[in-house]
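Enquirer: Before we start, here is the structure in question, set down as structure tokens.
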Amino acid sequence: MMAETGDQHGPVIGIDLGTACSCVAVWQNGRAEIVTNEHGGRATPSYAAFTDTERLVGDAAKSQASRNPTNTVFATKRLMGRRFSDASVQDGLKLWPFKVVPGRGDKPMVAASYKGKQKLLAAEEVASMLLSKMKAEAEAYIGGPVKNAVVTVPASFDVLQRRATKHACAVAGLDVLGVIHGPAAAAVAFGIHEIAGDKNVLVFDLGGGHTSVSLLAVASGKIAVRATAGDPHLGGEDFNGRMVEHFVAQFKAEHKKDVGRNARAILRLRAACEQAKRTLSSASWAAIELERLHDGADFYSTITRDQFDELNLDLFCKCLDPIKKCLTGAKMDRSSVDDVVFVGGSTRIPRVRRLIQDLFDGKELRKDISSDEAAACGAATMASLGSDDSLVDLFLFDATPHSLGVAAAGGAMAVMIPKNTPIPVMARENTISIQPNHKKGIVISIFEGERPQASENTLLCEIETSGGSQQSKARSEALCVCVLQHRCRRRLDGLCEGQGERA
Amino acid sequence: MAKDGGGPDWNGLLKWSLAHGDGTAKPRSLSEEDKKWFMEAMQANTMDVVKRMKEITQVMKTPDDVLQSQGVTPENIEDMLDELQEHVESIDMANDLHSIGGLDPLLGYLKNSHAGIRAKAAEVVSTIVQNNPKSQQLVMESNGLEPLLTNFSSDASTNSRTKALGAISSLIRHNQPGVAAFRLGNGYSALRDALGSDDARLQRKALHLLQYLLHDNKADRSVATELGLPKLMMHLASSDDSGVREAALGGLLELARDNTSGAGNVLPDQDKLKDVLKSRIEGISTMDADDLSAHREERQLVDSLWKECYNEPSSLREKGLVVLPGEDAPQQPPPDVVGSMFEPPLRAWAASRPPPKEDSESESAKKDPPLLLGPGPSS
């Protein structure tokens with residue numbers, strides 16, 4: 001996506017809206033600076049909560065989660081742009097303590113009690129609360145109003161999810177100049193776009209709640225996204241969970257008591273495991289000691305790095321799957337990758353790094369640029385394009401994360417634009433037969449996804465046309481191109497009225 | 001927190017706190033509404049955590065006599081510290097405590113005149129610094145180890161000594177400056193006294209710390225030996241408390257694995273050790289299935305220690321009591337090219353030793369068996 005240029009009024013911030021934590025950066029003094037909140041923190045938990053008296057966001061929301069579980073909402077990124085009946089939403093329902101119900105159009109709505117009344121909130125509305133807080137923190141940091149932002153999203157986000165993210169920003173009072181891949185933004189943060197010559201860079205992002213991989217082609221100061229892949233439900237919190245399970249089993253064997261049923265104890269154990277996990281990145285073992293963990297019994301145990309690796313080896317290997325998919329998607333082999341960029345706290349796990357190094361035949365990887373805040377810094381860097389002449393002219397090309405197509409006769413998915421096609425898309429000429437639904441025109445439904453049956457993919461929009469069949473075919477081609485270039489239904493409607501017009 | 005009837009004089013407390021908070025604000029009369037707010041603030045659990053921590057910091061900075069004169073009891077302070085401990089379980093909140101000015105007054109509570117407050121403060125410190133290098137450094141810079149060592153070595157309250165030891169353990173683990181300060185602060189003598197106490201909890205904690213010190217700091221082995229700690233550990237290996245036994249056996253295993261000096265120098269009384277191990281083997285042999293499961297650690301430690309000292313498997317292995325049917329063999333790590341650079345310590349090391357092949361000839365028995373992916377064959 002090309003960052004907009006033109007007159008900019010006021011500063012532009014970069015926001016990394018993470019599943020577990022969110023981060024905001026601003027371009028200031030010739031560089032991207034992470035905004036610190038009122039107590040010096042740099043990452044804000046992606047939590048919102050509702051009580052009898054107030055709404056809470058960030059640290060305040062997360063800290064009371066154990067006492068107010070049904071009204072504390074998190075992981076809204078897994079709801080945005082989804083349908084209630086989607087498999088990923090249904091899976092989440094089993095884990096989330098807050099209630100999600102189907103709303104109009106099968107839209108998942110969060111049910112929460114606020115000031116004694118039951119409220120239904122869309123995921124975008126919850127996300128906008130978090131975005132409002134980050135906007136306020138940025139304004140306090142800068143000392144002036146902020147209206148414009150560049151926002152990062154996971155590589156796996158589709159069109160509807162991006163649209164929902166933009167909507168959340170609008171509700172929070174932010175104009176979105178661009179929605180870009182977190183991994184690409186992270187690469188920009190470390191000056192990948194300043195590389196001389198042509199290079200292929202793989203960005204590996206392993207955060208708290210997701211894994212994503214992007215393959216970027218850098219040439220003459222321009223970055224193109226060649227391919228993306230990811231697992232939106234795999235990250236550091238899963239590794240933590242394995243450790244918690246391990247210790248729960250150990251406690252049960254030693255004390256013959258099931259600590260798993262003690263919610264307070266599990267929270268304490270999970271927090272202790274999180275810190276032990278960090279120690280294991282630099283030491284070969286860690287100790288955990290918790291007084292009166294359950295039924296008055298103390299808990300003491302140690303865990304070695306090897307044990308931690310063994311507990312999580314299958315998950316570590318699963319993190320590599322997106323890398324292979326990414327290479328396949330770009331029709332590239334491993335030897336063509338020049339650099340690997342690590343993003344996200346969980347990339348500090350030594351075993352994860354070693355596995356990736358082995359995957360690239362022992363090639364020396366960039367190990368000095370792991371950062372939790374890279375994506376926000378990169379977004380701020382890109383946001384600065386229109387407001388700071390000192391930066392080089394940077395164009396960042398995007399690629400379609402999923403295939404786009406229409407329903408052919410019989411309901412099959414006829415792919416017009418395959419996954420990982422660079423945007424903007426040059427005009428595509430494909431003649432397909434479309435089953436007519438009306439005598440006076442044809443309704444063209446545009447789907448996004450990889451399933452062979454169109455109806456199993458995500459419906460993006462429907463275009464109703466009129467006129468002869470010859471004109472209809474021409475328009476369907478033009479419309480597919482328009483979807484990618486403008487992403488605007490109104491514009492599509494306007495173009496539909498043209499006679500045989502093409503983009 | 002606040003008790004019903006005859007609660008603290010919140011008006012006076014808030015007035016004093018505000019007056020001394022920054023030295024510039026004039027005291028104002030506390031209206032009923034303000035009083036209600038403050039009481040709610042002291043009890044509320046839906047407050048912004050940082051805001052709440054700032055309020056707790058304000059109370060901790062208030063002198064003891066002022067709190068007392070306003071009717072705040074030591075139990076109120078302990079309840080407040082309980083809440084603070086819950087907040088600092090999050091590593092970000094733990095590190096923020098310093099930046100909002102709450103760490104120094106917390107460390108000041110380690111010298112409080114009430115034993116319960118000293119103990120609770122130590123427990124909060126332990127939570128803050130456990131596996132947290134940043135806060136470990138902050139506590140060291142604030143000279144927090146000194147009051148902890150004082151409490152550990154000479155506090156009249158056993159509970160306060162135990163909690164101080166817990167905080168010391170969390171503070172100096174993976175913290176070389178902390179270990180050095182512990183040594184210079186005569187920490188080993190205090191450990192010896194703790195091992196000689198009659199409190200199983202204190203003994204257990206002391207043994208856990210000792211295991212760490214003996215493994216990761218080889219120079220400390222001679223210090224431990226000079227102070228007679230090996231004998232104490234041998235004695236505790238027969239303790240009635242299973243946790244104490246396990247921890248003592250773990251410490252002895254550390255010493256037994258010391259290849260830099262003769263075994264005779266490290267474990268002076270071989271006959272007694274053999275008697276202790278035989279006694280434990282007998283004890284394990286009489287356990288029922290539930291007890292065997294609960295004492296898996298002990299079974300493995302006894303067998304490992306026996307092998308280490310006498311170069312042969314213990315009779316537990318013959319009886320099939322080291323690894324029970326249906327139980328996984330001691331966990332073996334996957335092949336690891338840099339594994340030799342990170343040797344597994346402590347219990348995991350004992351548990352992860354692969355069993356020797358009993359049917360192999362004596363010559364080949366000395367070779368290390370190959371590492372296997374996943375758990376070894378269950379016997």
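Enquirer: Residues in segment B:127-161 that are of a type outside the set (A, V, I, L, M) and more than 25 Å from B:Met93 (Cα to Cα): how many?
Expert: The number of residues fulfilling the criteria is 10.
Enquirer: If you don't mind, another one. What number goes with the only condition from (1) more than 14 Å from chain B (Cβ to nearest Cβ); (2) free of Cβ contacts under 8 Å to residues at least 40 places away in the same chain that A:Leu269 does not pass?
Expert: Every listed condition holds for A:Leu269 apart from (1).
Enquirer: Now for a different question. Would you please name the residue that is nearest to the other protein chains (Cβ to nearest Cβ), looking only at residues in segment A:243-265 that are under 28 Å from A:Ser346 (Cβ atoms) and surrounded by fewer than 16 Cβ atoms within 10 Å (Cβ to Cβ)?
Expert: A:Arg264
Enquirer: If I ask for residues that are of a type in the set (D, E, K, R), touching a residue at least 12 places away in the same chain (Cβ under 8 Å) and at the interface with chain B (Cβ under 10 Å from one of its Cβ atoms), which ones from segment A:307-326 would you list?
Expert: A:Asp309
Enquirer: Does segment A:92-111 include one or more residues that are touching a residue at least 24 places away in the same chain (Cβ under 8 Å) and out of contact with any strand residue (DSSP E or B) (no Cβ under 8 Å at 6 or more places or on another chain)?
Expert: no
Enquirer: Here's a follow-up. What tally of residues in segment A:205-228 results from selecting those that are in a strand (DSSP E or B) and farther than 17 Å from A:Ala330 by Cβ?
Expert: Number of matching residues: 2.
Enquirer: Can I ask one more? In segment B:91-102, which residues are surrounded by fewer than 20 Cβ atoms within 10 Å (Cβ to Cβ) and either small (Gly, Ala, Ser) or more than 11 Å from every other protein chain (Cβ to nearest Cβ) (or both)?
Expert: B:Ser99, B:Gly101 - these are the residues of segment B:91-102 that are surrounded by fewer than 20 Cβ atoms within 10 Å (Cβ to Cβ) and either small (Gly, Ala, Ser) or more than 11 Å from every other protein chain (Cβ to nearest Cβ) (or both).
Enquirer: Follow-up question, since we're still on this one. In segment A:54-96, which residues are in a helix (DSSP H, G or I), basic (Lys, Arg) and either within 14 Å of chain B (Cβ to nearest Cβ) or out of contact with any helix residue (DSSP H, G or I) (no Cβ under 6 Å at 6 or more places or on another chain) (or both)? Talk me through it step by step, then tell me what you get.
Expert: Of all residues in segment A:54-96, those in a helix (DSSP H, G or I) come to A:59-63, A:69-71, A:76-78, A:87-93.
Adding the requirement that they be basic (Lys, Arg) leaves A:62, A:77-78.
Selection gives A:Lys62, A:Lys77.
Enquirer: Among the numbered criteria (1) within 19 Å of the chain's Cα centre (by Cα); (2) crowded, with 20+ Cβ neighbours inside 10 Å, which single criterion is violated by B:Met140?
Expert: Condition (2) is where B:Met140 drops out.
Enquirer: Let me spell it out: the conditions are (1) closer than 24 Å to A:Arg55 by Cα; (2) free of Cβ contacts under 8 Å to residues at least 60 places away in the same chain; (3) surrounded by fewer than 20 Cβ atoms within 10 Å (Cβ to Cβ); (4) of a type outside the set (Gly, Ala, Ser), and A:Lys115 meets all of them except one. Which number is the exception?
Expert: The one condition A:Lys115 does not meet is (2).
Enquirer: Okay, next question. With A:Ala276, A:Ala184, A:Ala219 as the choices, which residue is within 14 Å of chain B (Cβ to nearest Cβ) and either touching a Gly at 6+ places or on another chain (Cβ under 9 Å) or at pLDDT 80 or above (or both)?
Expert: Selected residue: A:Ala276, the only one of A:Ala276, A:Ala184, A:Ala219 that is within 14 Å of chain B (Cβ to nearest Cβ) and either touching a Gly at 6+ places or on another chain (Cβ under 9 Å) or at pLDDT 80 or above (or both).
Enquirer: May I ask you to list the residues in segment A:74-91 that are touching a residue at least 24 places away in the same chain (Cβ under 8 Å) and within 21 Å of A:Arg163 (Cα to Cα)?
Expert: Within segment A:74-91, A:Phe74, A:Ala75, A:Thr76, A:Lys77, A:Arg78, A:Leu79, A:Met80, A:Gly81, A:Arg82, A:Arg83, A:Phe84, A:Ser88 qualify.
Enquirer: State all residues of segment A:279-291 that are facing chain B (nearest Cβ under 8 Å), touching a residue at least 24 places away in the same chain (Cβ under 8 Å) and closer than 15 Å to B:Pro133 by Cβ; if no residue qualifies, say none.
Expert: none
Enquirer: Okay, next question. List the helices (runs of 4 or more DSSP H) that sit entirely inside segment B:60-173 and contain at least 2 residues that are over 20 Å from A:Thr279 (Cβ atoms) and among the basic types (Lys, Arg).
Expert: Output list reads B:115-129, B:158-172.
Enquirer: Which condition number in (1) surrounded by fewer than 24 Cβ atoms within 10 Å (Cβ to Cβ); (2) in a strand (DSSP E or B) is the one that A:Arg162 fails?
Expert: (2)
The values are calculated or read from the model by the stated rules, or taken from the named source; none is laboratory data. Since the model is a prediction, treat every value here as computed from it, not as a measurement. So basically every Cβ, Gly included, is an ideal-geometry build from the backbone, and we count neighbours across all protein chains shown.
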